[in-house]
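Participant: Sharing a structure, written as structure tokens. Questions coming.
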Amino acid sequence: ACTGIENIDEAITLLEQNNWDLVAAINGVIPQENGILQSEYGGETLHGPAYGPTSHSTAASSTPSSSSAFRHVVPSRQIVERQPRMLDFRVEYRDRNVDVVLEDSSTVGDIKHILENELQIPASKMLLKGWKTGDVDDSTVLKTLHLPKNNSLYVLTPDLPPPSSSHSGALQESLNQNFMLIVTHREVQREYNLNFSGSSTIQEVKRNVYDLTSIPVRHQQWEGWPPSATDDSMTLAVSGLTFPCHRLTVGRRSSPVQTREQSEEQCTDVHMVSDSDGDDFEDATEFGVDDGEMFGVASSALRKSPMMPENAENEGDALLQFTAEFSSRYGDCHPVYFIGSLEAAFQEAFYGKARDRKLLAIYLHHDESVLTNVFCSQMLCAESIVSYLSQNFITWAWDMTKEANRARFLTMCTRHFGSVVAQTIRTQKTDQFPLFLIIMGKRSSNEVLNVIQGNTTVDELMMRLMAAMEIFTAQQQEDIKDEDEREARENVKREQDEAYRISLEADRAKREAQEREMAEQFRLEQIRKEQEEEREAIRLSLEQSLPPEPKEESTESVSKLRIRTPSGEFFERRFLASSKLQVVFDFVASKGYPWEEYKLLGTFPRRDVTQLDPNKTLLEVKLYPQETLFLEAKE
């Protein structure tokens, strides 16, 4: 509003030059005779920062009743026009980088004409990309784009043939390689081992180092970068780093009072990609600006969504939000978090069969820790860590950022692990988060094998996970052995119980068979007795119905029959020759040989008498005067 300077990069440089004294910076740009900033309070110059729309609106007001702390004194003559601003461009085309320096009054077409001479490519064949604004054509004036001093662009030539495949293959192979950067923090003499893919940029490395060291990117002073690494937008594959390991040193840049020319020279090392990049304002809290509020930007627009709602009633719903927010921040390649309560995670990990049990990993997140972003993106989301956790662990997570969620977890921790573990976690400082707890279930209690803090590396994290797995495997083998022995004893007992049950059933079946047999015998005996009684009754009836045996002195014709039984016995009787054959049958039946069961046979000639007509007389059937017959059982 006072100086007409619209470029944020240039404004910050001027503020640094004047040790962040806003009034001194403005008076350094505007000559004293043209205009000064004065305080409304006693005419004293007011020191301290003022930002954004508030300064703009109040500076334009000249009434004493204005709420502004400053007023703008209209100059008595026209302000001298500023010198043209110089812009630096790093243009990348395939394997070449071209540096172009132009005034901000130049056009995009001027850049193409310079590149045409350097790259030997017709300007009409070039597509100049990498602008932070919208559509740009050759006639666009650079000043209208509000560019920072240092810019990175790249050239596309879709109408020209691609380079040789051998070079492209080598570049692609370099992009797929992993670089180990050993970064030494100079002030605290501490080393960090960071893994980055070849496709990562120098800017990404510096941002991750900011998370570890709390040194903003614009205040980082580096040693060890190759001479070719002059642009933060360069990938590590083409920056000239030593593969596979490269050492770097970082420290905080000092901020002495400098001349404007020195500040502009040093500004080339700040590596601000654009004036809208979030890293330009990452240290705004140092200057009295609230988190996320800079130049009138509302803090809610820059803050991240919470990983977990505060005072969540259901742990499963809270973990669903945690998983979704974690994926949105760090990508889909992350551990599979168990959705459910901590008790349910215990049940899943510890209370199955010994062969199916796993270790429980509890990840404790904290958004306010400087280690969180690096730990999540570089270690927790590493494919090797994700694969190892999914195979051997049940992973459960909790967000410790909010005090209510922190207190809730400490209560759960005391209940399940005891007060000692809860106190250990309670005493952890914010910058020691995130934490990774490795839990092993035992017969009587749950044991915390390891508490891994966020200041670790992928290799160290993997080694500690594997060490915990070795302890768990040894315990698991003992549990499997005990479980097998217990199952063997239970199998023997089951077999014995089954054999005893079968024996009881066999005895019961045998007893029931005997009872049935006895009952059948009794029934048959009863039938036999009834049949014998009936037969005896019939015999007696027949015996009583027989006519009396004639005497030998009888005047009537008498037939004397001698009958042989199957047992060899004989019995004799005299019958009247005029008696019917039925009388003989009745006599034989009265002796216990009914004619329905026995047949009466004659000897000479052999004949079956029972087949004759029983109504004929003995004389008629030629059983007179005497005859010998024998009884034979019918088939």
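The values are calculated or read from the model by the stated rules, or taken from the named source; none is laboratory data. All values reported here derive from a predicted model rather than from experimental measurement. Reconstructed Cβ throughout: ideal geometry from the backbone, glycine too, with neighbour counts over all protein chains shown. Accessible surface is based on the protein model in full, side chains and every heavy atom, while ligands, DNA and RNA are left aside. Shrake-Rupley method; radii C 1.70, N 1.55, O 1.52, S 1.80 Å.
Participant: Restricting attention to region 383-429, which residues are outside any helix (DSSP H, G or I) and open to solvent by 20 Å² or more (accessible area, probe 1.4 Å)? Break it down into steps so the answer makes sense when it comes.
Facilitator: From region 383-429, those outside any helix (DSSP H, G or I) are 393-402, 418, 427-429; that's our starting set.
Matches in region 383-429: I394, T401, K402, G418, T427, Q428, K429.
Participant: Could you please give the count of residues in region 361-382 that are part of a helix (DSSP H, G or I) and open to solvent by less than 40 Å² (accessible area, probe 1.4 Å)? Give the steps one after another, and end with the answer.
Facilitator: Within region 361-382, the subset part of a helix (DSSP H, G or I) is 372-380.
With the extra rule that they be open to solvent by less than 40 Å² (accessible area, probe 1.4 Å), the set shrinks to 372, 374-376, 379-380.
Total satisfying the criteria: 6.
Participant: Taking only pairs six or more apart or across chains, which ones have beta-carbon atoms under 8 Å, a first residue in region 591-607 that is over 12 Å from E632 (Cα atoms), and a second residue that is among the hydrophobic types (A, V, I, L, M, F, W, C) and open to solvent by 30 Å² or more (accessible area, probe 1.4 Å)?
Facilitator: Within 8 Å, the pairs are K591/F571; T603/F630.
Participant: While we're here: For residues that are touching a Ser or Thr at 6+ places or on another chain (Cβ under 8 Å) and exposed (fewer than 15 other Cβ atoms within 10 Å of the Cβ), scanning just region 133-146, find the one that is nearest to M86 (Cα to Cα).
Facilitator: Ranking the candidates gives V141 first.
Participant: Which residue pairs have Cβ atoms under 8 Å apart, sit 6 or more places apart or on different chains, and have a first residue in region 107-130 that is farther than 14 Å from F89 by Cβ and a second that is of a type in the set (S, T, Y)?
Facilitator: I121/Y93; I121/T157; K125/T157; L127/T157
Participant: Same structure again: Cβ-Cβ under 7 Å, sequence separation 6+ or interchain: first residue in region 367-395 and of a type in the set (V, I, T), partner surrounded by fewer than 17 Cβ atoms within 10 Å (Cβ to Cβ) and not in a helix (DSSP H, G or I). Which pairs?
Facilitator: V370/S214; V386/C333; T395/V336
Participant: In region 557-615, which residues are closer than 16 Å to I538 by Cβ, open to solvent by 40 Å² or more (accessible area, probe 1.4 Å) and of a type outside the set (F, W, Y)? It would help to see each step written out before you state the result.
Facilitator: Step one: of region 557-615, the residues closer than 16 Å to I538 by Cβ are 582-583, 585-598.
Among the residues that remain, those that are also open to solvent by 40 Å² or more (accessible area, probe 1.4 Å) are: 582, 591, 593, 595-598.
Answer for region 557-615, where residues must be closer than 16 Å to I538 by Cβ, open to solvent by 40 Å² or more (accessible area, probe 1.4 Å) and of a type outside the set (F, W, Y): Q582, K591, E596, E597.
Participant: If you don't mind, there's one more thing I want to ask. I'd like the residue in region 4-33 that is surrounded by fewer than 16 Cβ atoms within 10 Å (Cβ to Cβ) and more than 24 Å from D88 (Cα to Cα) and, out of all such residues, is modelled with the lowest pLDDT.
Facilitator: Looking at the filtered set, the residue picked out is E33.
Participant: Working only within region 609-629, note down all residues that are under 15 Å from P566 (Cα atoms) and out of contact with any Phe, Trp or Tyr (no Cβ under 9 Å at 6 or more places or on another chain). Lay out the reasoning, then the answer.
Facilitator: Start the filter on region 609-629 by keeping residues that are under 15 Å from P566 (Cα atoms), which leaves 628-629.
Matches in region 609-629: L629 only.
Here's the yes/no breakdown for (1) of a type in the set (A, V, I, L, M, F, W, C); (2) assigned to a loop (DSSP other than H, G, I, E, B); (3) open to solvent by 10 Å² or more (accessible area, probe 1.4 Å):
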| residue | (1), (2), (3) |
| --- | --- |
| N208 | no, no, yes |
| I215 | yes, yes, no |
| W222 | yes, no, yes |
| W225 | yes, yes, yes |
| A229 | yes, yes, yes |
| D232 | no, yes, no |
